[in-house]
Amino acid sequence: MFMRDDSGPGGVIEKWYRAVDNTLAGLLDKLGPNDQLLVVSDHGFASFDRAVHLNAWLRDHGFLSLQPGAVIDHGLAAIDWARTRAYAVGFNSLYLNLKDREGAGIVQPGEVDDLLDELSAGLADFVDPASGQPVVSRVVRGIDAFGSDHPDAPDLVVGYYPGFRASWNTALGQVPGPLIEDNTKAWSGDHLIDPEFVPGVLFCNSDIPATVSEPHLVDLAPTILAMLGLDPADIEQLTLDGTVLLDVNRGRY
């Protein structure tokens with residue numbers, strides 16, 4: 001969690017960065033010539049100033065309807081499923097109310113592609129009513145993000161611009177009145193946005209080949225197995241998604 005430091009007396013975040021740097025420097029000094037070190041984060045952070053109620057956007061654009069007299073706290077139970085084509089639950093996930101998949105699904109399989117295109121185009125035009133700033137940076141189809149072997153994956157994955165994030169209400173499937181509200185919580189930074197804006201970091205004391213321009217999190221498992229001495233042919237048989245980042249012919253490899 002990234003806490004607000006509005007008082008500004010101590011520079012807490014900078015102090016922690018310096019402390020971690022000093023620890024890393026001390027560790028590097030103790031490594032031998034064949035010792036390998038990886039320091040990895042799976043994501044970065046960005047500001048979280050505005051909370052986006054994605055179900056409210058779906059409601060206002062005719063994709064979601066509520067039961068008469070619905071109460072926000074009732075979450076998904078407040079939705080009129082007979083008149084709802086799409087809904088959001090979780091932080092970045094949007095689902096279609098698909099027939100034969102959802103309990104009261106109404107979207108026919110033949111309507112899926114057109115509906116996903118319509119939702120994606122609409123979200124691309126989503127702007128903050130208060131500032132006019134664009135809200136959604138990118139929308140990705142779930143099958144493109146997770147592949148076809150994950151049937152429970154969302155139908156769309158919504159990536160937000162820095163400063164915006166799905167509201168806590170959205171995570172619970174709730175449908176508040178406004179589209180967007182100020183985030184007034186101390187939880188003022190987050191990574192649940194478009195991953196392009198919150199990349200992780202990778203420090204390594206070995207050279208990564210110049211052919212590897214963008215290491216990914218999925219590369220770490222095969223890389224660590226190679227560092228532990230597993231033969232590249234054996235790693236390949238594991239059918240991992242990533243590739244070995246380091247030169248396996250260097251040093252003890």
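Scan Ser120, Ser188 and give me the residue that is of a type in the set (S, T, N, Q) and part of a strand (DSSP E or B). Before the answer, list the steps.
Values: Ser120 fails: part of a strand (DSSP E or B).
When all the criteria are applied, what remains is Ser188.
Of the conditions (1) of a type in the set (A, V, I, L, M); (2) open to solvent by less than 60 Å² (accessible area, probe 1.4 Å); (3) in contact (Cβ under 8 Å) with a residue 24 or more places away in the chain; (4) outside any strand (DSSP E or B), Ala19 satisfies every one except a single condition; which number is it?
Against the list (1) of a type in the set (A, V, I, L, M); (2) open to solvent by less than 60 Å² (accessible area, probe 1.4 Å); (3) in contact (Cβ under 8 Å) with a residue 24 or more places away in the chain; (4) outside any strand (DSSP E or B), Ala19 comes up short only on (3).
With Leu202, Leu192, Leu156 as the choices, which residue is of a type in the set (A, V, I, L, M) and closer than 20 Å to Ile79 by Cβ?
Numbers: Leu202 fails: closer than 20 Å to Ile79 by Cβ; Leu192 fails: closer than 20 Å to Ile79 by Cβ.
Unique residue meeting the criteria: Leu156.
In region 187-220, how many residues are surrounded by 12 or more Cβ atoms within 10 Å (Cβ to Cβ) and in contact (Cβ under 8 Å) with a residue 40 or more places away in the chain?
Of the residues in that region, 19 qualify.
Could you list all residues from region 230-242 that are under 19 Å from Ile208 (Cβ atoms) and in a loop (DSSP other than H, G, I, E, B)?
Leu230, Leu240, Asp241, Gly242
Are any residues in region 146-174 assigned to a loop (DSSP other than H, G, I, E, B) and of a type in the set (A, V, I, L, M, F, W, C), and if so, which ones?
Filtering region 146-174 down to residues assigned to a loop (DSSP other than H, G, I, E, B) leaves 147-155, 161-162, 167, 172-174.
Matches in region 146-174: Ala153, Leu172.
Looking at Asp49, Asp42, can you tell me which residue is in contact with a Leu (Cβ under 7 Å, 6 or more places away or on another chain), charged (D, E, K, R), touching a residue at least 12 places away in the same chain (Cβ under 8 Å) and closer than 27 Å to Lys185 by Cβ? So that I can check it myself, show each step before the final result.
On the way: Asp49 fails: in contact with a Leu (Cβ under 7 Å, 6 or more places away or on another chain).
The match here is Asp42.
Please find, within region 94-117, the residue that is surrounded by the most Cβ atoms within 10 Å (Cβ to Cβ) out of those that are in a strand (DSSP E or B) and in contact with a Phe, Trp or Tyr (Cβ under 8 Å, 6 or more places away or on another chain). Reasoning before the result, please.
We begin by selecting, within region 94-117, every residue in a strand (DSSP E or B); these are 94-96, 98, 107.
In the following step, the residues that additionally are in contact with a Phe, Trp or Tyr (Cβ under 8 Å, 6 or more places away or on another chain) were identified as 94-95.
Values: Leu94: 27, Tyr95: 20.
Step by step, filter region 94-117, then rank; the result is Leu94.
If Phe91 satisfies all but one of (1) in a loop (DSSP other than H, G, I, E, B); (2) touching a strand residue (DSSP E or B) at 6+ places or on another chain (Cβ under 6 Å); (3) open to solvent by less than 20 Å² (accessible area, probe 1.4 Å), what's the number of the condition it fails?
(3)
Take the conditions assigned to a loop (DSSP other than H, G, I, E, B), among the hydroxyl-bearing types (Ser, Thr, Tyr), open to solvent by less than 70 Å² (accessible area, probe 1.4 Å) and farther than 22 Å from Gly62 by Cβ and apply them to Ser137. Does it pass?
When the stated conditions are applied, Ser137 does not pass them.
Every residue in region 158-178 that is among the hydrophobic types (A, V, I, L, M, F, W, C), open to solvent by 20 Å² or more (accessible area, probe 1.4 Å) and more than 16 Å from Ala70 (Cβ to Cβ), please. Quick ask: steps written out before the conclusion?
Pass one, region 158-178, residues among the hydrophobic types (A, V, I, L, M, F, W, C): 158, 164, 166, 168, 171-172, 175.
Right, trim to open to solvent by 20 Å² or more (accessible area, probe 1.4 Å) and you get 168, 171-172.
Hits for region 158-178 are Trp168, Ala171.
Working carefully through the options Ile224, Ile143, find the one that is outside any loop (DSSP other than H, G, I, E, B), closer than 30 Å to Asp125 by Cβ, open to solvent by 70 Å² or more (accessible area, probe 1.4 Å) and aliphatic (A, V, I, L, M).
Numbers: Ile224 fails: closer than 30 Å to Asp125 by Cβ.
None of the other options fit; the residue is Ile143.
The values are calculated or read from the model by the stated rules, or taken from the named source; none is laboratory data. Computed from a prediction, not measured in an experiment: that's the story for all the values here. Don't worry about glycine lacking a Cβ; one is built from the backbone with ideal geometry, like all the others, and counts go over all protein chains shown. For the accessible areas, the whole protein counts, side chains as well, though only heavy atoms, and no ligand, DNA or RNA atoms are used. Shrake-Rupley method; radii C 1.70, N 1.55, O 1.52, S 1.80 Å.
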